[in-house]
Every structure is written in C-alpha cells, then in structure tokens.
Amino acid sequence: MPMKRSSYVCLLLVFCFTFILCTTIPLMAHEPTGGIQLALRSISADDAQPAADDEVTKVSQTKPKEPESQKPASEKTVKDVPKTQQPEAKKAAKEVTKSQPSESKATVNEPPKSKETDLKKTGKETVKSQQPEPEIQVEDTYPESLDQQVQYLRKEIKKIRDENEARKKLEIPEEEKGQTIDDILSAAGRQYTLLKQGTVGLSYSLGYSYFSSDAISESTTIERRSNHNLTNTITAEYALFNNLTLSAGVPFVYKYNRVGTSEAQDVTELGDVSLSLTVQPLKAGGSMPPLIFSLGLSLPTGESPYEINQSETLSTGSGYYSVSGGFSLSKVIDPLVAFGNINYTYGFKENVDQYWSKTQRLTAVEAGSSLGLSMGFGYALSYQASLNMSTQLSYSFGSKYTINDNQTYKSGSSLSATFNVGTGWRVTQARSIYISLGIGLTNNDADFSLGFRVPFEF
C-alpha cells in the first residue's frame with residue numbers, strides 16, 4: 001500500500017505538470033500583445049510626436065495586467081476547477097485551445113476601442129504639455145541625408161540668384177533711367193533740360209520747311225507759289241550753375257522761292273541771332289515737377305523785310321527786336337514723360353523807311369505780341385531710342401503799320417497750330433541725335449517741316 005500511494009502521487013504530479021505545460025504554452029503563444037502594437041500604428045502622423053513615442057514605449061514596456069474578464073477561457077477554467085476534477089478539465093481546455101486561435105486573431109486585428117482611444121488621448125495630452133509649439137512639417141520630397149540636404153540648398157540658392165540677376169537685367173538702373181528721361185526731354189526741345197555746372201555745350205541743328213499757296217497774277221492766272229527755307233543753326237551753351245545755363249544761337253538761312261514758271265529767287269544770309277537764359281529756381285523732388293524759366297532776346301541781324309525790295313530779293317530776319325519769356329515743366333508718369341511749355345513774345349516798335357508805292361511810305365512798324373503753348377509726351381522705346389509727340393499752338397495779336405507818319409493800319413490776329421513727332425537715338429553713351437517732323441494745321445503754318453539736331457558736351 002505505501003508503494004502504491006507513492007506511485008499514485010508521482011503519477012498525479014506528472015499529470016499536473018504535463019497539464020500545466022499543455023495549457024500555458026498555447027496561451028503564451030496567443031498572448032494579446034498585438035493590440036497595443038496595432039493601436040500604435042493607428043495613431044496619425046500629427047500625434048506621433050517624440051513625447052508620444054516615449055509614452056507609447058512606456059506603455060508597451062509596462063504592460064498592464066489583464067483583467068479577469070479578458071483572460072482566455074481555458075486559463076480561467078483550469079485554475080478555478082478543483083484538483084479532483086482536473087483530468088476532465090484537461091480535455092475541455094484542449095477543446096477551448098483549438099477554438100482559441102481564431103478568437104485571438106480577431107483580438108489582435110481588432111483591439112478594443114477603449115484602449116486605442118485612451119492611448120490616443122494620452123499621447124495628445126503628453127505632446128501638448130511637453131511641446132507647446134507645433135512642429136513644422138517637412139515635405140516628403142525634402143532629402144533626408146545631410147549631403148542631399150546640402151545639394152538641395154545649393155540648388156535653391158542658385159535658383160534664387162538666377163532670378164535676381166534676371167530681374168536686375170530687366171530693371172533700368174537709376175542712372176540710366178535719369179539719362180533716358182533727359183534724352184526724351186532733349187528730343188522734345190532744349191527748353192526742357194539744363195546742363196551740369198561747368199559744362200560747355202555745342203549743338204548743330206538743321207531745319208527745313210516748305211510753304212505752298214496759290215497766287216493770282218495779272219488778274220486772270222492762278223499760279224502755285226512754293227517757298228523752301230533751309231536753316232543751319234549753331235548754338236553754344238555754358239552752365240554757370242547746375243540750375244543756370246546761358247546760350248546763344250547763330251543761324252544761317254537759305255531761302256528759295258518760286259511762283260509758277262517765273263524766275264526763282266534765292267538768298268543765303270545770316271539770320272536773327274538769339275540770346276537766352278534758362279534757370280530752374282526750385283529743386284524738383286517728390287510730387288514737385290521740374291519747373292524751368294527761360295528769358296530770351298532776338299536781335300534783328302538778318303535781312304529785314306522792311307529794308308529790301310521784296311519783288312527782287314528775300315528776307316532772312318524779322319526786322320525788329322523782341323523779347324520772350326516763359327516756363328516749361330515735365331513730369332514722369334511711368335512709362336510716359338509728359339511735358340509742356342508756355343511762352344510770351346513781345347516785339348518792339350521799329351522805325352523803317354520803305355516805299356510801298358509812289359505815294360505810300362512805311363515809316364514805323366510795331367509788331368504784335370504772340371502767345372504760345374505746347375504740350376506733349378515722350379516714351380522710351382528702348383535704352384537707345386525714344387519717341388515723343390506734341391502739339392504747338394500760337395496766337396498772334398495784330399501788328400500796327402504807320403504810313404506817311406500820319407496813317408496807321410492794324411492787321412488782324414491769327415492762329416497757327418503744328419503737330420510734331422520726334423525721336424531720339426543714342427548713338428553712343430555720350431552722343432545722341434534728334435529728329436523731328438512737324439505738320440502745319442492752318443494756312444499760316446508751313447505744310448511740313450523737318451528738324452535734325454546733334455548736341456555735343458565738353
């Protein structure tokens with residue numbers, strides 16, 4: 001009997017040990033640790049901050065003790081069954097173990113929502129507490145390695161430099177921009193610009209004008225009258241200050257007139273010499289446009305029309321002294337440059353001695369004054385070329401003529417208008433040429449006129 005009891009005890013111990021092994025190994029194999037890993041994978045990229053990663057690591061390392069309700073049914077059954085009923089419970093545990101893999105797989109693939117929600121909340125709260133500033137997200141295309149990042153930054157810097165160089169090429173430098181504006185105004189007229197202090201200017205201008213009209217001869221025949229005027233002018237300028245310039249112009253005039261088929265008349269003589277002073281009293285800046293005042297004097301150095309026989313020769317001057325004054329202004333209205341000029345001319349009384357007929361002798365002439373207005377705009381076509389257009393109006397008051405010292409006649413007033421188109425060409429950095437075309441709009445103006453001017457500065 002003692003031998004039999006010891007044998008039974010040994011068999012019972014072996015059976016218990018075997019049973020424990022058989023039940024524990026499957027449970028360890030199917031332990032639901034994958035739920036936590038799946039929960040970690042389900043967390044979004046925005047919540048996966050460094051602090052959240054640390055929290056998840058702590059959670060995975062300190063795995064919470066599973067509650068009794070979540071333990072496998074086989075384990076609960078074996079522990080709760082009394083020792084006397086363990087052989088029967090072994091079979092039941094094996095059946096439960098066979099059916100357990102499908103259930104455990106479901107548990108791994110679909111972890112409890114409560115764990116996942118709590119883990120997300122814990123991760124978010126940890127990130128907010130440890131990192132108050134949000135992390136800047138980097139694009140997926142940004143390189144990860146240090147060498148790639150350096151190459152990427154070099155490419156971006158080169159791209160930015162190329163763009164800046166392209167912009168600089170398209171932009172006009174301030175110095176060139178100022179020179180371009182001066183070229184536009186110089187092409188419009190000398191009254192819109194000034195020389196720098198100490199600069200000596202010398203310019204040559206060539207002007208041509210053509211007049212045509214119908215003339216009645218012998219009371220029965222209408223003949224065409226054509227007048228050609230060619231004027232060569234040399235102008236010298238000197239800048240006493242940056243805002244004060246003195247100038248003098250000496251013209252040489254050639255005239256050619258023909259009436260019908262009669263013999264033509266021509267003359268080449270000195271014209272009226274002009275003196276002028278140009279000053280800019282106020283410095284331009286901001287909204288204040290450049291304002292330039294001019295004062296001029298015309299000397300009757302040319303051939304006077306009141307001292308010649310007009311049927312035999314032609315005149316090259318006005319025959320009287322005159323003074324003129326006015327002001328001009330300009331304004332840059334990008335991309336245009338607007339300009340305008342107002343001037344007034346007064347002619348002095350001149351005593352003459354000219355016979356109009358055998359009984360009529362012209363003794364005095366008092367030329368009428370005139371008021372002129374011009375305005376237009378210019379545009380820079382390129383760094384080398386500019387275009388300008390302007391309209392010039394002139395209103396002349398009537399002149400007084402004294403006959404035989406006791407008779408006075410007064411002529412009527414007249415209005416003239418001219419449309420001008422000009423262009424400027426920069427031949428070199430310091431040399432430009434200006435060309436203009438004028439079209440007469442009234443009978444008192446030339447049919448058309450051409451102008452050519454080349455300035456030099458020393």
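None of the figures in this text is laboratory data; all of them are computed from the coordinates on show. Here the structure is a predicted model, which is why all the values come from computation and not from measurement. We place every Cβ from the backbone using ideal geometry, glycine too, and count neighbours over all the protein chains shown.
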Worksheet item: Can you sort Val250, Val200, Val337 so the residue with the fewest Cβ neighbours within 10 Å comes first?
Response: Val200, Val250, Val337
Discussion item. Principal axis extents for segment 320-452, Cα atoms only, whole Å, descending order, please.
Written reply: 64, 28, 25
Response to the item:
The base-10 log of I(q)/I(0) that the Debye equation returns for segment 402-458 at q = 0.17 Å⁻¹, one scatterer per C-alpha, is -0.71
Fill in: Long-range amide H partners of Gly271 with built H, under 5 Å
Phe252, Val253
Item to complete: Pop the C-beta distance of Thr301 and Asp334 into the FRET formula with R0 = 60 Å and round what comes out to the nearest 0.05.
Response: 0.85
Practice prompt. From the P(r) of segment 175-457, can you give the percent of Cα pairs sitting at distances over 25 Å?
Written response: 53 percent
Worksheet item: Can you flag which of Lys196/Lys331; Lys255/Lys400; Lys158/Lys331 are past 29 Å Cα-Cα?
Response: Lys158/Lys331
Worksheet item: How do Thr233, Thr316 line up, fewest other C-beta atoms within 10 Å first?
Response: Thr233, Thr316
Worksheet item: For the pair Phe452 and Gln407, what calculated FRET efficiency results from E = 1/(1 + (r/R0)^6), where r is the Cβ-Cβ distance and R0 = 41 Å, to the nearest 0.05?
Response: 0.35
Fill in: Residue-by-residue Karplus 3J(HN,Hα) for segment 354-368, coefficients 6.51, -1.76, 1.60, Hz, glycine and proline x
9, 8, 7, 8, 5, 10, 10, 10, 7, 10, 8, 9, 10, 5, x
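Quick check on the exposure proxy: order Ser330, Ser413 from fewest to most C-beta atoms within 10 angstrom.
So the ranking, lowest neighbour count to highest, is Ser413, Ser330.
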Worksheet item: Whose amide H sits under 5 Å from the amide H of Ser369, counting only residues 5 or more places off or on another chain, with H placed in the peptide plane?
Response: Gly347, Phe397
Worksheet item: What nm value, rounded to one decimal, do you get for the distance between Ile342 and Asn443 when each label is placed 7 Å out toward the C-beta?
Response: 3.1 nm
